[in-house]
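First up is the structure itself, then whatever we jot down about it.
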Amino acid sequence: MTGIIYLLPSSIPFPLLFSFDPRISRLELPEVPSLPTDKVALDQFPTYEVFHQRKENAAYAYVGPVHAPEADVAFLFAKEQFSRRFPCTGMWVVPTSAIKVTEYGDDQQSVYDRLPLLPADELGTAAATGQESYDIFHLKKRGKAHAHVGQVQAASPEAALQAAKAAFGDQRPVVNVWVIRSADLLRSDDEDRDMWTTTPDKKYREAISYKVQDRIDRFKQEG
Amino acid sequence: MNPTLDLLYRLADDQLILGHRNSEWNGLGPILEEDIAFSSMAQDKLGHSLQLYGLLHELGEAEPDTVAFTRNAPQFHCCQLTELPIGEYDFSLIRHFLFDHAELLRFEALADSSYEPLALVARKVKGELKYHVLHANTWVKRLGTATEEAIERMQAALEFTLPYALSIFETTEAEPEIISSGLFIGEAELQARWEASISKVLAQTALTLPDLRTLTPVAGGRQGQHTEHLQPLLDEMAEVFRLDPTADW
C-alpha cells in the first residue's frame, strides 16, 4: 500500500459499503498493535502556474500556482482554485519549470533596457535551427500580476526575449518579463466556453450570504 | 404519476443523493486540491437538485426543503447507484465517471425538451456537467494507465459498479409518454449514447469494459426500492432540518 492515500489496512477486501464519515463508521483500527513499519517517503507534486481570463477578449493574467502530477490534472485543480469565486472565461496552465524569468526592475523603468545583447551570431545560428512560438508576459508593477502581451517567433527563450523587446519594448514600465514556449502552455478549449458559466443561485456557497449579525446581537440582548 | 413530475423527481433525487454522498469526501480527499474539487462538484449537484425541486414546486409540489428533507427512503426515486456509501476513492471515482457521463448526455438532450422550463435549466447546468466529465475522464485516464495496483483497483471498481450504473436507465410506467410528448429522448436512447461515450474514454486506458449485455441491472430505485444505505443517509442529511422544520434560515 502506498502510504497516506489509503487510510484503511489493505487486508480489508474492497470495503465498499463503508463510509469515511466518522459519524457513520469509525476507522477500523487493528485489534492487535502492529510492529513498527518503515516511514513512508514524502512525495510532492511539481507546481504549475495558472493564467486566467476574466472576461472575453481580456488579456490572460497570472493568478497563482497549483500542485499536480501532470498538466491535465493541474488544469482541473486550477479551475477549482481560481475560477469559482469570480468570473472566468478561459484558463492556461504551464509547468513552473517551463517559465524563463528576467531580473526585476523598479516601477519606473523597463527591464528590456537592461537586457544583455545576444551576440548576433548566436541569434543567427539559433535561427537556422528553426523558430518556435513564445508567449510573453509583462509585470507592470510590483505586487500586480503578470499579464499576457503577445507572442513572438524565436529559436530560444533568450532570442524570444530580444524579439519581445523589439515588439513590446516601448511599453513602460516593465518590471519583469516571463517567457514561455507556447507549446508548454495547456490552454482551455474555445469549444468548452460553457464550462466556465456556473449556475447562479448558489449564494449558499458564499459566507457573505449568511447574514447573522443582527440575530447574534438580538440573542445577546435577550440573554 | 404525471410524466413531467415522474421525470423531474428522478432527476432531482439523483442529484441530491449523489451530491450528498460525494460531499462526505469533504476533508478526506486523497490530496487537498482534489478534496476541494470533489466537494465543489458535490455542491454543484446540490445546486442542480435545488433547481429541479424548484421546477417541481412551480408545478404544485411542496417547497424544495420540504421535499428534500421530509421524505423517507421509499418515497425517493433516485437510482441505487447514487445512494451507495462512498467506499474508497476508486469506487467514488468510477461512480462519478459512470454517472456524470450519463448526466451530461441527459442534460444535453433535455436542453431540447418540450417542457421549456426544464430545457432552460438543462442549458444552464450542462456547462458544469461538462467540467464534471472532464474531471472524471482525467482521473480515469490517469489511474487507468498508471501502476498495476491502480489499474487493478479501477478495474475491480468498474466491474462492481456497472450493474448499479445500469440502474440509472431504469424506466417507469410514464416512459412511453415521456418520449412521445418530447419531454425527453428516453432511457434506452440515453443508455446507447452513454455506452458509446464511456467506451471512448475507457479505450484510452488499460481498463476493459465488460459486455454490458451479460450484466443484470440492479433495478428498483425508480420505484422506491432502495438499499439499506439510503435511509441512514436521509436521517443524517435531514437531522438539523427536522429539529425545527419551521426555522427561518
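One residue is enough: does the stretch B:118-128 have a residue meeting the conditions more than 8 Å from every other protein chain (Cβ to nearest Cβ) and among the acidic types (Asp, Glu)?
We begin by selecting, within the stretch B:118-128, every residue more than 8 Å from every other protein chain (Cβ to nearest Cβ); these are B:118-123.
Filter again for among the acidic types (Asp, Glu), leaving none.
There is no residue in the stretch B:118-128 that is more than 8 Å from every other protein chain (Cβ to nearest Cβ) and among the acidic types (Asp, Glu).
Could you check, for the stretch A:205-216, whether at least one of its residues is surrounded by 14 or more Cβ atoms within 10 Å (Cβ to Cβ) and modelled with pLDDT of 90 or more?
To start, the set of residues in the stretch A:205-216 that are surrounded by 14 or more Cβ atoms within 10 Å (Cβ to Cβ) comprises A:205.
In the following step, the residues that additionally are modelled with pLDDT of 90 or more were identified as none.
For the stretch A:205-216, residues surrounded by 14 or more Cβ atoms within 10 Å (Cβ to Cβ) and modelled with pLDDT of 90 or more: absent.
Please state which one of B:Asp65, B:Asp100, B:Asp44 is at pLDDT below 95, away from every other protein chain (no Cβ under 11 Å), touching a helix residue (DSSP H, G or I) at 6+ places or on another chain (Cβ under 8 Å) and assigned to a helix (DSSP H, G or I).
Details: B:Asp100 fails: at pLDDT below 95; B:Asp44 fails: away from every other protein chain (no Cβ under 11 Å).
Just a single option satisfies the conditions, and that option is B:Asp65.
If you go through the stretch B:146-171, how many residues are away from every other protein chain (no Cβ under 11 Å) and more than 24 Å from B:Leu215 (Cα to Cα)? Give the derivation first.
Our first condition is that a residue be away from every other protein chain (no Cβ under 11 Å); within the stretch B:146-171, this holds for B:148, B:151, B:154-155, B:158, B:162-163, B:165-171.
Subsequent filtering for residues that are more than 24 Å from B:Leu215 (Cα to Cα) retains B:148.
Adding up the residues that qualify gives 1.
Considering each residue of the stretch A:179-196, count those that are surrounded by 17 or more Cβ atoms within 10 Å (Cβ to Cβ) and in contact with a Lys or Arg (Cβ under 7 Å, 6 or more places away or on another chain), and give that number.
So the answer is 2.
Restricting to the stretch B:106-117, what's the tally of residues that are within 11 Å of chain A (Cβ to nearest Cβ) and either touching a residue at least 60 places away in the same chain (Cβ under 8 Å) or in contact with a Gly (Cβ under 6 Å, 6 or more places away or on another chain) (or both)?
As a first pass, look at the stretch B:106-117 and keep what is within 11 Å of chain A (Cβ to nearest Cβ): B:108, B:111.
Adding the requirement that they be either touching a residue at least 60 places away in the same chain (Cβ under 8 Å) or in contact with a Gly (Cβ under 6 Å, 6 or more places away or on another chain) (or both) leaves none.
Qualifying residue count, the stretch B:106-117: 0.
Across the stretch A:49-73, what is the total count of residues that are under 13 Å from B:Glu33 (Cα atoms) and either part of a loop (DSSP other than H, G, I, E, B) or within 9 Å of chain B (Cβ to nearest Cβ) (or both)? Step through it out loud before you land on a result.
Just the residues of the stretch A:49-73 that are under 13 Å from B:Glu33 (Cα atoms), to begin with: A:65-69, A:73.
From the residues that got through so far, the ones that are either part of a loop (DSSP other than H, G, I, E, B) or within 9 Å of chain B (Cβ to nearest Cβ) (or both) too are A:66-69, A:73.
Of the residues in the stretch A:49-73, 5 are under 13 Å from B:Glu33 (Cα atoms) and either part of a loop (DSSP other than H, G, I, E, B) or within 9 Å of chain B (Cβ to nearest Cβ) (or both).
Report yes if B:Ser49 is part of a helix (DSSP H, G or I), under 13 Å from the mean Cα position of the chain (by Cα) and within 14 Å of chain A (Cβ to nearest Cβ), otherwise no.
Working: part of a helix (DSSP H, G or I): yes; under 13 Å from the mean Cα position of the chain (by Cα): yes; within 14 Å of chain A (Cβ to nearest Cβ): yes.
The answer is yes for B:Ser49.
Starting from the stretch B:184-202, take each residue that is within 18 Å of B:Cys79 (Cα to Cα) and list its partners that are at pLDDT below 95 and loosely packed, with under 14 Cβ neighbours inside 10 Å, counting only C-beta distances under 6 angstrom and pairs at least six apart or across chains.
From the stretch B:184-202, no pairs qualify.
Tell me whether the stretch B:21-33 contains one or more residues that are over 30 Å from A:Asp43 (Cα atoms) and at pLDDT 95 or above. Don't jump to the end; show me each part of the working.
Initial filter on the stretch B:21-33 (over 30 Å from A:Asp43 (Cα atoms)): none.
No; the residues of the stretch B:21-33 include none that is over 30 Å from A:Asp43 (Cα atoms) and at pLDDT 95 or above.
With the condition kept exactly as written, say whether any residue in the stretch B:47-61 is touching a residue at least 12 places away in the same chain (Cβ under 8 Å), closer than 27 Å to B:Gly182 by Cα, in contact with a Cys (Cβ under 6 Å, 6 or more places away or on another chain) and not β-branched (Val, Ile, Thr).
The answer is no; no qualifying residue exists.
Restricting to the stretch A:74-97, what's the tally of residues that are of a type outside the set (Phe, Trp, Tyr), touching a helix residue (DSSP H, G or I) at 6+ places or on another chain (Cβ under 6 Å) and assigned to a helix (DSSP H, G or I)?
Selection size over the stretch A:74-97: 2.
Hey, any hits in the stretch B:226-249 for a residue that's under 20 Å from the mean Cα position of the chain (by Cα), more than 17 Å from B:Leu18 (Cα to Cα) and assigned to a helix (DSSP H, G or I)? Show your work before the answer.
The initial filter retains those residues of the stretch B:226-249 that are under 20 Å from the mean Cα position of the chain (by Cα), namely B:226-238.
Filter once more, keeping what is more than 17 Å from B:Leu18 (Cα to Cα): none.
No: zero hits.
Within the stretch B:129-145, how many residues turn out to be facing chain A (nearest Cβ under 9 Å) and over 20 Å from the mean Cα position of the chain (by Cα)?
Final tally of qualifying residues: 2.
So which residues in the stretch B:1-36 are acidic (Asp, Glu), under 30 Å from B:Ala219 (Cβ atoms) and assigned to a helix (DSSP H, G or I)? Walk me through how you get there before you give the answer.
Filtering the stretch B:1-36 down to residues acidic (Asp, Glu) leaves B:6, B:13-14, B:24, B:33-35.
Retained after the next criterion (residues that are under 30 Å from B:Ala219 (Cβ atoms)): B:6, B:13-14, B:24.
Listed by number, the residues that qualify are B:Asp6, B:Asp13, B:Asp14.
The values are calculated or read from the model by the stated rules, or taken from the named source; none is laboratory data. No experiment lies behind these values; they were computed from the predicted model shown. Positions of Cβ are backbone-derived with ideal geometry, glycine not excepted, and every protein chain shown enters the neighbour counts.
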